[in-house]
Amino acid sequence: MKFFDKQISGFKNEISGKQESFFPFSEKKWEDAGRNEIVMQRDTAFELQGTGFELFTSERIGDDGVVVVGEDLKDLKDKSPFARVSLIELDDISDEQQAHDTVRKIEYIKYHYFPKGYMVRTNSLSFAENIRVSKKAIKDGISFEKVGSLLISKYKENPAVKAVKVFFVTDKTVDYSKILALSEKSREITEALDHVIRDLNLDCNTCKLKAICDEVEGMKELHFKNAVN
Ligand code: SF4
């Protein structure tokens with residue numbers, strides 16, 4: 001799967017040269033509360049507003065793990081910048097319908113992980129991801145390594161997932177508007193995939209997805225191949 005290659009290299013460019021720490025995926029994951037917990041304002045250590053999204057590839061990405069670019073949870077304050085990007089290596093699925101369904105299923109996982117004392121609020125129409133962390137979770141030693149390991153374990157319940165790297169970015173020198181733009185582009189790509197899998201209209205001149213199809217290698221070919229099969 002090459003559809004997200006430009007977004008992956010764009011993201012890597014944004015964090016290149018920043019100080020980062022790598023934590024191999026471990027079973028020291030944070031406890032899953034089983035459902036989204038409400039962290040009340042009075043119990044909150046801090047709240048962050050940012051972006052969270054997935055990027056998919058069938059290229060090797062190395063070992064599973066969590067990469068922290070910037071400060072970890074114990075050092076953050078209210079309104080620190082924040083982004084979570086999950087880089088996910090999938091089996092090279094030759095059936096496009098199956099590949100598309102797998103991407104959609106895996107994107108859904110972010111609504112189904114519930115780290116204790118770490119309230120995640122997302123917006124299904126955008127990739128906004130806001131988190132509220134409780135004072136108790138900070139006291140109990142919550143870290144991105146543990147939260148990320150929990151998320152990785154959820155992704156890996158899907159047998160098509162071969163490896164995952166979850167990046168948590170809080171470095172103040174990163175250009176977060178560029179990460180937001182990458183998330184928007186990746187959403188356009190997924191929407192275009194929805195269209196090419198389902199829609200038999202092949203008139204590129206009137207199609208609202210022409211710009212994204214011109215940009216993403218293989219998208220047009222996929223639509224035409226799908227339509228004749
Ligand atoms: S191939 Fe043409 S019709 Fe199909 S999605 Fe792309 S621009 Fe639209």
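What the Cβ-Cβ distance of Asp43 and Arg121 gives, at R0 = 25 Å and to the nearest 0.05, is a FRET efficiency of 0.95. Pairs from the table (Lys2/Lys79; Lys110/Lys162; Lys136/Lys178; Lys2/Lys77; Lys139/Lys162; Lys110/Lys225) lying more than 29 angstrom apart at Cα are Lys2/Lys79; Lys136/Lys178; Lys2/Lys77; Lys139/Lys162; Lys110/Lys225. Relative to the 2.2 N^0.38 Å rule of thumb, the range 5-174 has a C-alpha radius of gyration ratio of 1.00. Which net charge results when you count Lys and Arg as +1 and Asp and Glu as -1 among the other residues whose beta-carbon is under 12 Å from that of Val68? Within the 12 Å Cβ shell, the charges total -1.
All other residues with a Cβ under 12 Å from the Cβ of Asn13 taken together, and with Lys, Arg as +1 and Asp, Glu as -1, what is their net charge? My count for the surroundings of Asn13 gives +2. Placing dummy labels 7 Å off each Cα toward the beta-carbon, the span from Lys12 to Lys172 is 2.9 nm.
Residues Glu96, Glu217, ordered by accessible area of protein heavy atoms at a 1.4 angstrom probe radius and largest first, appear as Glu217, Glu96.
Once the C-beta distance of Glu20 and Glu191 is scaled by a Förster radius of 30 Å, the resulting FRET efficiency is 0.45 to the nearest 0.05. Taking Cβ atoms as reference points and 10 Å as the exclusive limit, the residues near Ile131 contribute a net charge of +1, counting Lys and Arg as +1 and Asp and Glu as -1. When both bridge partners sit in the chain, DSSP labels roughly 70% of those beta bridges antiparallel. Fully extending the segment from Asp140 to Asp95, taken as 0.36 nm per residue of separation minus the present Cα-Cα distance, adds 11.7 nm. The accessible surface of the chain, taken with every protein chain in place and a 1.4 Å probe, is 49 percent carbon and sulfur.
The mean sequence distance of close C-alpha pairs (under 8 Å, at least 6 residues apart), as a share of the length of the chain, puts its relative contact order at 31 percent.
Judged by the mean number of other Cβ atoms found within 10 Å, the most tightly packed of the peptides 19-31, 173-185, 42-54 leads the ranking 42-54, 173-185, 19-31.
Karplus-based coupling profile of the range 112-119, in residue order and whole Hz: 10, 10, 10, x, 5, x, 9, 7, with θ = phi - 60° in 6.51 cos²θ - 1.76 cosθ + 1.60 and x standing for Gly or Pro. For the range 134-229, what percent of Cα pairs sit more than 23 Å apart? The proportion of pairs with Cα distances above 23 Å equals 53 percent. Heavy-atom accessible surface of the chain, averaged per residue, reaches 51 Å², computed with a 1.4 Å probe.
The values are calculated or read from the model by the stated rules, or taken from the named source; none is laboratory data. Predicted model, so just to flag it, every value in this text is computed and none were measured. When we count neighbours, we look across all protein chains shown, and the Cβ atoms used for this are built from the backbone with ideal geometry, even at glycine. Heavy atoms of the whole protein, side chains included, go into the accessibility calculation; ligands, DNA and RNA do not. Shrake-Rupley method; radii C 1.70, N 1.55, O 1.52, S 1.80 Å.
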